[in-house]
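Since the structure comes first, as structure tokens, the remarks are kept for the end.
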Amino acid sequence: MDKKIENIFDALNKRKISGFYCDNKSEAIDKILKIIPQDKSVGISGSKTLDEIGIVPELIRRGNKVFNQYEKGLTAEQSLTVRNQGAAADVFLSSANAITKNGEMVFFSGHGHRIAGIANAKNVIIVCGLNKLVYNIEKGIDRARNYVTPLNCKRLGTWNTACAEDGICRAQACLFPEYKRMCCQILIIESEVNPDRLKVILVGENLGF
């Protein structure tokens, strides 16, 4: 672990956020399974990072109750119900759009359950690759708005956003009813009140967008 990562963990610690480093996806899975007890329920947010790690199938296989809104066969209404249940689970598992060198984190959300879970769940685990490290909050918001959101819109194919057309953010034009906007809420985590509520697992690979 290099000095840059150590400095980020020091910054997180000052904000009452626990930081853990894993060299690769396999170590990240092991770490998450050690942190989350087998009898605890788990909520998740949509995340290419979590998909690439493959943690959700591992939690289900182990016997954890996972509120998976992407389970096959769910209607749109059922999926929304599962999202709300997941935000109130024992543990909420997600990724960030960006982490700054000073330990702040930036999250964009469409439906809001991601922000609800991260902001209010009793236990939260954020998993990120090295590609999500940025200089400051402004760079983090720019990354989320102009890089992450267009890629996610293209990946999912269900969001009629202005940026899905050409990858260029037009926030002032991307409004209803002409568009179905994805970046509807922004959460910035600057610090924590309760020690150990929020944990960050930084993986030494590029993961997700």
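The values are calculated or read from the model by the stated rules, or taken from the named source; none is laboratory data. Since this is a predicted model, take the numbers as computed values, not measurements. Ideal geometry is used to build each Cβ from the backbone, glycine not excepted, and the neighbour counts take in all protein chains shown. Note: areas computed on protein heavy atoms with side chains; ligands, DNA, RNA excluded. Shrake-Rupley method; radii C 1.70, N 1.55, O 1.52, S 1.80 Å.
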Among all the aspartates and glutamates, which ones have a C-alpha under 16 Å from K65's C-alpha, if same-chain residues fewer than 8 places away are not counted?
D39, D90
Value at 222 nm in deg cm²/dmol, rounded to 500, when DSSP H runs of n ≥ 4 in the chain each add -39,500 (n - 2.57):
-10000 deg cm²/dmol
Given a 1.4 angstrom probe, I'd like the percentage of the accessible area of the chain that is carbon and sulfur, rounded to a whole number.
49
Give me the percent of DSSP beta bridges within the chain that run antiparallel, rounded to the nearest 5.
25
Along the Cα→Cβ direction, 7 angstrom out, place labels at A171 and L156. What is the inter-label distance in nm?
1.8
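What number comes out for accessible area per residue over the range 1-72 if the probe is 1.4 Å? Units Å², please. Can you show the working numbers first?
Numbers: 4060 Å² over 72 residues.
Ligands and nucleic acids excluded, the figure is 56 Å² per residue.
Give, as a single signed number, the net charge of other residues whose beta carbon lies under 10 Å from the beta carbon of L12, with Lys and Arg counted +1 and Asp and Glu -1. Kindly include the intermediate steps, with their values, before the conclusion.
Details: positive: K14, R15, K16, K199; negative: D10, E104, E192.
Once all neighbours under 10 Å are counted, the net charge is +1.
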Please list, or write none, the aspartates and glutamates whose alpha carbon is within less than 17 Å of the alpha carbon of K154, excluding same-chain residues fewer than 8 places away.
D51, E165, D166
Placing each pseudo-label 7 Å from Cα in the direction of the beta carbon, K16 and L33 end up separated by a distance in nanometres of 3.2
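Report relative contact order for the range 30-184 in percent, whole number only (criteria: Cα-Cα under 8 Å, sequence separation at least 6).
Details: 250 pairs, mean separation 31.1, N = 155.
Over the range 30-184, the number comes to 20 percent.
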Table column - 3J(HN,Hα) (Hz), the range 78-84, Karplus curve with 6.51, -1.76, 1.60, x for Gly and Pro:
5, 4, 5, 4, 5, 4, 5
Mind putting together the pair-distance distribution for the range 72-209? All Cα pairs, 10 Å bins, whole percent per bin, short to long.
12, 38, 37, 12, 0
Additional length obtainable on full extension of the chain from E205 to K101, 0.36 nm per residue less Cα span:
35.7 nm
Assuming R0 = 30 Å, what is the FRET efficiency of S79 and N7, from their Cβ-Cβ distance, to the nearest 0.05?
0.15
Per the range 9-108, sqrt(5λ) over the Cα gyration tensor eigenvalues, sorted largest first, in Å, gives 25, 17, 13
Please work out whether the range 159-209 counts as rounded, prolate or oblate from its C-alpha gyration tensor, where a ≥ b ≥ c are the square roots of the eigenvalues and a/c under 1.5 means rounded, while otherwise a/b larger than b/c means prolate and anything else oblate?
oblate
